[in-house]
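Some notes on the structure that comes next.
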């Protein structure tokens, strides 16, 4: 399948190297020009740098790290704020990319989060899921605002058993040309772990 | 129906106005002792006086910023001192500011492309940290009693973000609060504590009236037209009353509702369309 990604400029952000590497490889194989950044706090600056280097950014992909066995009941206020700061930083990175995307009529925002946002697993990343749920809400608000400019926002839901290469393939599909009508959706890669129907 | 709430001790944040006040009144009517918490002392006292006139000796007030963990612990201490261990905690804190003359300073309404990213943190503090802090402060008493009811007054946008309103802040934070409550429900169920979330629709409160006035200005329409167009979008063809929120809240904190936990339930006249 031709994903129509030749020369698309993509910034990938997330603290876990296997996520970024697998995503960058999959998108590079499709002809994208990719740059990666580990710290969400540097993601907006990386978007701006990519705009300077390549003249544009077509997609921003963020990977929330997966941290199993993080029950919210045992969290501290500091844990909650530290995790929520990702939402703020990711919003800044998306916002750095969106005006240019809107001008060109093409853009993709993709978020990779824990499947615990849909159904809590046995070793749930509950604290991470709070940020994940916030980002799903942001996707819905974003598409209400910018889908008309050819920009989409979608999420990949994964768990500890999801292979990075398979996550990367799903990310590449969501970034692709033929995925343009998918708006605010979630795609679960969980080997049927989740028992919920919707 | 006897709900088994006589003598239970309830904290209701945002208890001086609207939905919080209606819930406090409904719980007092069932014989519960209620502690109203809110930032401003004067409206608190007014609400308490009204409840006390109907149900003497069952109401206490605690002026507190419910986003401040220490202040929330103090509200629990006030409740303990006056009435005993807390069994019911209702979190009802408002998010972004619509009318700053009534609600104080803070981020206002906005969309994905207009809101400042830093405003997500403020909304998180208002909506999620306040809910977490009250649950956290109250659950020690509940665990000791092996009985507890934690309830959040959330919003329908937790499940279905609104497209036509500049609501990005609640659109982002409300789903996280609904998720938090689902998580707490699972962790606290073995202690006999339920944790549920109401999804508020178009309810006739002072805050919603401010919101319609604000929208009318934004859209350059008469307020009545804004209200009419919103009512037309409600399958029940009418707005809800705070007392209708309070009725479900009262049932969910009752003895009978002990097996209902981790739920987000809309009170919205049928607006919510998800299955």
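General remarks:
- Residue identified as crowded, with 23+ Cβ neighbours inside 10 Å and on the phi < 0 side of the Ramachandran plot among A:21, A:36, A:111: A:111
- Looking only at residues of the stretch B:123-174 that are within 17 Å of residue B:202 (Cα to Cα) and part of a helix (DSSP H, G or I), we find that the one that is nearest to the other protein chains (Cβ to nearest Cβ) is B:171.
- Boolean, residue A:193 is touching a residue at least 12 places away in the same chain (Cβ under 8 Å), crowded, with 17+ Cβ neighbours inside 10 Å and closer than 17 Å to residue A:132 by Cβ: no
- Candidate set: the stretch B:122-148, residues that are under 14 Å from residue B:69 (Cβ atoms) and more than 17 Å from the chain's Cα centre (by Cα); chosen: the one surrounded by the most Cβ atoms within 10 Å (Cβ to Cβ): B:139
- When the stretch A:6-35 is filtered for residues that are under 17 Å from the mean Cα position of the chain (by Cα) and in a loop (DSSP other than H, G, I, E, B), the ones remaining, listed by number, are A:8, A:14, A:15, A:16, A:32.
- Meets criteria (within 10 Å of chain B (Cβ to nearest Cβ), in a helix (DSSP H, G or I) and either more than 25 Å from residue A:38 (Cβ to Cβ) or out of contact with any helix residue (DSSP H, G or I) (no Cβ under 7 Å at 6 or more places or on another chain) (or both)) for residue A:141: yes
- Matching entry among A:62, A:47, A:98, A:110 (being farther than 20 Å from residue B:115 by Cβ, in contact (Cβ under 8 Å) with a residue 40 or more places away in the chain and not in a loop (DSSP other than H, G, I, E, B)): A:110
- Residue list for the stretch A:173-192, filter: over 25 Å from residue B:123 (Cβ atoms) and in contact with a strand residue (DSSP E or B) (Cβ under 9 Å, 6 or more places away or on another chain): A:173, A:174, A:175, A:176, A:179, A:180, A:181, A:182, A:187, A:188, A:189, A:190
Residue-wise test of (1) closer than 23 Å to residue B:205 by Cβ; (2) modelled with pLDDT of 95 or more; (3) not in a loop (DSSP other than H, G, I, E, B).
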position	(1), (2), (3)
B:23	yes, yes, yes
B:35	yes, yes, yes
B:45	yes, yes, yes
B:56	no, yes, no
B:76	no, yes, yes
B:89	yes, yes, yes
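The values are calculated or read from the model by the stated rules, or taken from the named source; none is laboratory data. Keep in mind that this is a model prediction, so the values were computed, not measured. Using ideal geometry, Cβ is built from the backbone for each residue, glycine included, and neighbour counts are taken over all protein chains shown.
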